[in-house]
Amino acid sequence: QVRLVESGGGVVQPGRSLRLSCAASGFIFNSYAMHWVRQPPGKGLEWVAVISYDGSDKNYAESVKGRFTISRDDSKNRLFLQMNRLRAEDTAVYFCARDITAGWFDPWGQGTLVAVSS
Amino acid sequence: NFMLTQPHSVSESPGKTVTISCTRSSGSIASSYVQWYQQRPGSSPTTVIYEDNQRPSGVPDRFSGSIDSSSNSASLTISRLKTEDEADYYCQSYEGSDHVVFGGGTKLTVL
């Protein structure tokens, strides 16, 4: 079945970097745009970034622009999020999600927690 | 850029009907599709409505979605409420390819 599994989260100091990974299975990965969405503890969902199906187009939320980079490796069916210059406000569960069509996200992975703390 | 505003919380009794609103701050609600996601505690979001009013397979027909241009809002209606419907619900829409917006979420309590 269609499945997304995130990994790479953990505790990191402010200013440091972390790379998240999302392993996709059960569908033709290179046919879909992919997103990262985050959720701070006890708060709502915030869209982070999107990459087009072929990797040629990437867009970011203003809050992460210039610090985060989304990428994909279609040979490995993997999505990545490189997070640099991390801040306390980046603390959240990070989800990857497939964009089925017209901004419909489905499914979502189980999420990976990133905690930025000194 | 626009925002989506939802009530912070709603509550209703089992067997009743509840409607959750999602109001778009600028631009037409009809200009881009609205999705609704259900998130139970400790779980990732799942789709209950996509493209304004479509239900994915496996979602009961107790869930329905609509949009209202006069109020520039979308609505999620859940009828014949069950205790298992208790969850957070998020509306979501977009503008172009670089502006995805989520509502702040509504906590549904079924008591």
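The values are calculated or read from the model by the stated rules, or taken from the named source; none is laboratory data. Just so you know, these numbers come straight off a predicted model, no measurement behind them. Here the Cβ positions follow ideal geometry from the backbone for every residue, glycine too, while neighbour counts run over all protein chains shown. Side chains included, ligands, DNA and RNA excluded: accessible areas come from the protein's heavy atoms. Shrake-Rupley method; radii C 1.70, N 1.55, O 1.52, S 1.80 Å.
A few points about this structure:
- Treating each Cα of chain B as an identical point scatterer and summing with the Debye formula, the log10 of I(q)/I(0) at q = 0.13 Å⁻¹ comes to -0.43.
- If you bin all the Cα-Cα distances of the protein assembly as shown at 10 Å, starting from zero, the percentages per bin are 8, 33, 35, 19, 4, 0.
- Since only A:36, A:68, A:55 are under comparison, the one whose Cα sits farthest along the positive direction of the charge dipole of the stretch A:21-96, derived from C-beta charges on Lys, Arg, Asp and Glu, is A:68.
- Lysines with Cα under 25 Å of residue A:58, excluding same-chain neighbours fewer than 8 positions away: A:76
- Highest GNM mean-square fluctuation among A:49, A:88, A:23, for chain A modelled with Cα contacts below 10 Å: A:88.
- Cross-link reach list, lysines versus residue A:43, counting only Cα pairs under 22 Å and skipping chain neighbours closer than eight places: A:65, B:107
- Carbon + sulfur, % of accessible area of chain A - ligands and nucleic acids excluded, 1.4 Å: 47 percent
- Interface residues of the stretch A:86-118, defined as those losing at least 30 Å² of solvent-accessible heavy-atom surface relative to the isolated chain (probe radius 1.4 Å), are listed as A:102, A:103, A:104, A:105, A:108.
- Shielding by partners - mean other protein chain Cβ count within 10 Å, residues of B:42-51: 5
- Comparing A:86, A:18, A:45 in a Gaussian network model of chain A, where Cα atoms under 10 Å apart are tied by springs, the biggest mean-square fluctuation is seen for A:45.
- Net charge over other residues, Cβ less than 14 angstrom from the Cβ of residue B:106 (K, R count +1; D, E count -1): -1
- Per-selection Rg to Rh, the stretch A:1-92 - Cα, Kirkwood hydrodynamic radius: 0.96
- Residues in chain B average 46 Å² of solvent-accessible surface per residue, probe 1.4 Å, ligands and nucleic acids excluded.
- Rounded accessible area of residue B:12 (nearest 10 Å², 1.4 Å probe): 60 Å²
- Length added when fully stretched, residue B:46-residue B:70, from 0.36 nm per residue minus Cα-Cα: 5.8 nm
- Beta bridge orientation in the protein assembly as shown: antiparallel %, DSSP, nearest 5: 90 percent
- Within-10-Å neighbourhood charge of residue A:60 [Cβ basis; K, R +1; D, E -1]: +1
- Distance from the Cα centroid of the stretch A:62-114 to that of the stretch B:10-36 is 26 Å (rounded to whole angstrom).
- Relative contact order, percent, chain B [alpha-carbon distance under 8 Å, six or more residues apart]: 37 percent
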